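Take a look at the structure below.
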Amino acid sequence: MDPFTPQLIFFEPKALEYPLGQELKEKFEKMGLEIRETTSHNQVRGIPGDNEFQKYRNAKSTLVVGIRKTLKFDTSKPSAEYAIPLATGCMGHCHYCYLQTTLGSKPYIRTYVNLEDIFEQAQKYMDERAPEITRFEAACTSDIVGLDHLTHSLKKTIEFMGQTEFGQLRFVTKYHHVDHLLDANHNGRTRFRFSVNSRYVINNFEPGTSSFEERLQAARKVAKADYPLGFIVAPLYRHEGWEEGYRELFERLSEELSGITIPDLTFELIQHRFTKPAKNVIAKRYPKTKLEMDEEKRKYKWGRYGIGKYVYPDEEARELESTIRRYVEEYFPTATVQYFT
Ligand code: SF4
């Protein structure tokens, strides 16, 4: 999987007032990419495509360089206290991705160059909670690693968190382009997580992302660079033969990681869920998907903003949870499962 290269780039004029904005403009010019101007990252017009489907595809390879004006961070339970907003949108094409609905009609990728403002705000949140640790999640609205070889804003955030007293950073990725992050001065304050899944889920639902092997090679490098490491197994999906499929995942994981010491390995487990609006959007964007989204087979769970989610019925969820917990215990007896949700 090659690193992401945008097909089209938009700049907010104000972004050029920041050093990172300038740097990116020069870089993209040198790369010979098409650059346009947009008044705001919230209303980008002119993404090519004759129909919705093509526009969506093209938006996923469009990068918008802008300024983050809203500096109130969202909460990010259960994995962190706050979501730190470095980027929005993703180049991947995972069928189940919740960004499909949360980003609505704006699936293009946005990166924010006013890092100083974002760090200042993060510091305020830390000060409010000190001496308690404040955890920031950097991958709530994007797969930030997939983009960072271009911007290095994640690297700067890792180094910023590294020198704080009460801050921690975490993010998750399906990309293996981590080399530039290996020498970051992280001070053990950043937890690097890779998203992994059974072969069936990766092959059927995760086009446009790095392969399992590539992710695992990257995980080895990250562990050797002394980052705290974890895996998010998500979405846990009950496909035919899932028990064997997930067992095989854990077998391969433990083989690939044998011989490396990972002091504080963590797993986070998230079962598959969907909302009604998501189901409609997915059907349009990935019409041939095999993703099962039958409301009849699921349990309805009330959600924020009145949009409920469909999760597995209690018994099936319990079975998923206990099976995966058993695999963790068997293959990684010293690891911690942080949560199942
Ligand atoms: Fe969504 Fe993550 Fe896939 Fe990107 S890599 S499309 S953020 S699930």
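Derivation of every value follows stated rules applied to the coordinates shown; laboratory data play no part. Quick caveat: nothing in here was measured; it's all calculated off a predicted structure. Neighbour counts are summed over all protein chains in view; Cβ atoms, including those assigned to glycine, are modelled from backbone coordinates with ideal geometry.
Any chance you could list P(r) for the stretch 225-341, counting all Cα-Cα pairs in 10 angstrom bins from zero, rounded to whole %?
12, 38, 29, 18, 3
What distance in nm lies between label points placed 7 Å from Cα along the C-beta direction at residue 339 and residue 34?
Calculated label separation equals 4.2 nm.
In a shell of Cβ-Cβ distance under 13 Å around residue 284, excluding residue 284 itself, what net charge do Lys and Arg (+1) and Asp and Glu (-1) give?
Residues near residue 284 contribute +4 overall.
Using DSSP loop states and a limit of at most 11 other Cβ atoms within 10 Å to flag trypsin sites (Lys or Arg not before Pro), what is the longest stretch of the chain containing no flagged site?
Excluding the exposed sites themselves, the longest stretch runs over 73-287.
Percent relative contact order of the stretch 185-253, based on C-alpha pairs within less than 8 angstrom and at least six residues apart?
Reported relative contact order: 51 percent.
Which residue, 98, 109, 130, has the largest displacement toward the positive end of the dipole of the stretch 92-190 when charges sit on each Cβ (Lys, Arg +1; Asp, Glu -1)?
About the Cα centre, the residue reaching furthest to the positive side is 98.
Compute the Rg/Rh shape ratio of the stretch 237-283: radius of gyration over Kirkwood radius, all on alpha-carbon atoms.
Result for the stretch 237-283 is an Rg/Rh of 1.15.
Quick one: net charge around residue 269, please, counting Lys, Arg +1 and Asp, Glu -1 for every other residue with C-beta under 11 Å from its C-beta.
-1
Excluding residues on the same chain fewer than 8 positions from residue 279, give the lysines whose Cα lies under 18 Å from its Cα.
106, 288, 290, 297, 299, 301, 309
Let me know the volume per residue of the alpha-carbon convex hull for the stretch 193-283, in Å³.
Measuring per residue, one finds 108 Å³ for the Cα hull of the stretch 193-283.
How long are the three semi-axes of the equivalent ellipsoid of the chain, in whole Å, if each is the root of 5 times an eigenvalue of the C-alpha gyration tensor, listed from largest down?
For the chain, the semi-axes come out at 31, 26, 19 Å.
In debye to the nearest 20, how big a dipole does the chain give about its Cα centre with +1 on each Lys and Arg Cβ and -1 on each Asp and Glu Cβ?
Dipole size: approximately 1040 debye.
Relative contact order of the stretch 146-219, please, whole-number percent, based on alpha carbon pairs below 8 angstrom and at least 6 residues apart.
Normalised by residue count, the contact order of the stretch 146-219 is 33 percent.
With charges set only on the Cβ (+1 for Lys and Arg, -1 for Asp and Glu), what does the dipole of the stretch 191-341 come to about its Cα centre, in debye to the nearest 20?
Here the stretch 191-341 has a charge dipole of around 880 debye.
Evaluate the charge dipole of the stretch 73-169 about its Cα centre and quote only its size in Debye, nearest 20, assuming +1 on the Cβ of each Lys and Arg and -1 on the Cβ of each Asp and Glu.
Dipole magnitude for the stretch 73-169 comes out near 360 debye.
Once you list every other residue whose beta carbon is under 15 Å from the beta carbon of residue 122, what net charge do they have if Lys and Arg are +1 and Asp and Glu are -1?
-3
Among 121, 177, 302, which residue has its Cα furthest toward the positive end of the charge dipole of the chain, with +1 on Lys/Arg Cβ and -1 on Asp/Glu Cβ?
Going by the charge dipole, the pick is 302.
Sort out for me the Cα centre separation of the stretch 167-182 from the stretch 7-85, rounded to whole Å.
20
Do you know the relative contact order of the chain, to the nearest whole percent, from alpha carbon pairs under 8 angstrom that are 6+ apart?
That works out to 14 percent.
By DSSP, what percent of the beta bridges with both residues in the chain are antiparallel, rounded to the nearest 5?
If we restrict to bridges inside the chain, about 15 percent are antiparallel.
Answer with one residue from 216, 270, 258: the one whose Cα lies farthest towards the positive end of the charge dipole of the stretch 180-298, charges on Cβ with Lys, Arg +1 and Asp, Glu -1.
270
Please work through the chain and write down the cysteines that have no neighbouring cysteine Cβ at a distance under 4.7 Å.
90, 140
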